[in-house]
Amino acid sequence: MYHSIRVPAILLCAFALTHCGGGEKPAETVRTGPVVSADLVNGATISGKVAFTGTAPAPKPIDMSANPQCERTHKDHPVTAEDIVVNPNHTLRNVFVWIKSGLPALNWAVPSTPATIDQKFCMYHPHVLGVMVGQNVAISNDDPVNHNIHPVPQVNEEWNDVQSPGDPPQMRSFAKQEIMVPIKCNVHPWMRAYVGVVSHPFFAVTGDDGSFTIKGMPPGTYTVQAWHEKLGTQEVQVTVGAKESKAVDFSYKE
């Protein structure tokens, strides 16, 4: 029996304010009711791979010559663009996969551990990241140069903060669900990252084998969406029962 969702039917109250003027912050999502975690014992699992068909595009070198300090950090670390990264097994890296719809509107527990974004070798690491609404994101600068962290969201608050070498990590969070939030550095135009902000914990990012796993969902029928910054989105519908595992695969080509 799936015990984690035996709670009152109305568990989530979201209050949003629509602002017409400039400079106002979006209203934060307000949750009520018992806090519910993913049920890793009785919950369902969706896993799969994101394939790339056809000829993989050649990696595109990034020219950092306009900033000699950044260029020197890559003397022994050649760097290429991360917009399309095809793994040796013909899968795609940096694909954000999440449960787009079908989940009950519960007060899902927000991780107490911050997600991390590191600026190293004048690049953002990771290139694609998933976080929950309200989860802290610790942003660090390991480079010998100034950076500025500039998210460009559509529904969340925009900010643009300078971070100097040796500064402590900046702690930020996002108040609303948004797929995806681009992050750029105005000083170094090649620096780009993307953050998927989700109201629940059921998301993943593909790595160097193109795979993903999402665990702990209640039984139900779900729309699973894959997002790629250059190749767009794809969706698959899947129905899973308690303790059931199902494979969901995606395939892209340029």
Pairs returned, first residue in the range 218-234 that is more than 14 Å from Val128 (Cα to Cα) and of a type in the set (D, E, K, R), second residue that is at pLDDT 95 or above and part of a strand (DSSP E or B), beta-carbon separation under 9 angstrom, 6 or more apart or interchain, are none
All conditions in (1) of a type in the set (Asp, Glu); (2) within 18 Å of Lys100 (Cα to Cα); (3) surrounded by fewer than 15 Cβ atoms within 10 Å (Cβ to Cβ) are true of Glu229 except (3)
Going through the range 131-176 in order, the residues found to be in a loop (DSSP other than H, G, I, E, B) and β-branched (Val, Ile, Thr) are Val133, Val145, Val152, Val155
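The values are calculated or read from the model by the stated rules, or taken from the named source; none is laboratory data. Quantities reported herein were computed from a predicted structural model and do not represent experimental measurements. Note: ideal-geometry Cβ built from the backbone for every residue, glycine included; neighbour counts use all protein chains shown.
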